[in-house]
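The values are calculated or read from the model by the stated rules, or taken from the named source; none is laboratory data. All of these numbers come straight from a predicted model, not from anything done at the bench. Every residue, glycine among them, receives a Cβ derived from its backbone with ideal geometry; neighbour counts consider all protein chains shown. For accessibility, only protein heavy atoms count, side chains too; no ligands or nucleic acids. Shrake-Rupley method; radii C 1.70, N 1.55, O 1.52, S 1.80 Å.
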Amino acid sequence: MVNISDINIHKHKAIKSKYSQPFIQYELLINSDYAQKLFERSADVVATACFHLDMIMPNAYPEWAHEINDLEQVVDDELDKAFHDLHEEIARLKSMADNAQLEINGKDSPTYTKKQREIIQIGSPKYARFIKLIELFDDYVQHMDTLWLHGVISQHLRRSQTLNWQSRILKIANRTIDRQRRLRASILVNAKDEVLDDLDVDADE
């Protein structure tokens, strides 16, 4: 019998800054192995990139506001599209479950043997949205698992579609990190002082 209290709890270190920064402590419960792996591969580095983009760079270099705002809009647009598409996909899966007379998030849904609880510090709006996207992906996986365990979809379809979504979100994370780093490098090359370094955080390590 599955012990539903078997939950791994991790506490992620906060981004270190020379100045007092606001944050929200958030407890994230991740059920599926797919979402857990996505979190482990992306969350900390995305937190750093978003903190730079939302907090450090605008304060240190207001004269680069146009470029920073353009990058913020690109990131927001990608997140908006992912949320929209994933909500639509979950609605499609829910319709399949309804047709099969299955109750999602109820008696027909699975539980998981190695749930993972993450205690994280959210220090920027974009990082908060990325964490919500991971939560939504975990909900998507639960829908897929419910349909698979009740024989509505095949293992091949479950695995391929879930991996596609995992890869898409990971690519969003990687692009966000790469774009932020390239803009930051451009600012440092063109800057005439070291204000950004003076305000910077330690999390690039």
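Accessible surface of the stretch 32-183, 1.4 Å probe: 50 percent of it comes from carbon and sulfur atoms. Per residue, the stretch 20-162 exposes 48 Å² of solvent-accessible protein surface, assessed with a 1.4 angstrom probe and all protein chains in place.
Projected label points at LYS114 and GLU135, each 7 Å from Cα along the beta carbon direction, are separated by 2.4 nanometres. Shown here are the Rg and Dmax of the Cα trace of the stretch 25-71, at 14.8, 44 Å. Here the label points at SER160 and VAL74, each 7 Å from Cα along the C-beta direction, are separated by 3.2 nm in the simple model. Extension gain for GLU103-LEU29 works out to 24.5 nm (0.36 nm per residue, less the C-alpha to C-alpha distance). The Cα trace of the stretch 48-137 gives Rg and Dmax of 18.3, 58 Å, the first to one decimal, the second as a whole number.
With Cβ to Cβ distances under 15 Å as the rule, what net charge do the other residues near ARG92 carry (K, R +1; D, E -1)?
Values: positive: LYS94, ARG158; negative: ASP85, GLU88, GLU89, ASP98, ASP139.
Residues near ARG92 contribute -3 overall.
Other residues with beta-carbon under 9 Å from the beta-carbon of PHE83 carry, at +1 per Lys or Arg and -1 per Asp or Glu, a net charge of +1.
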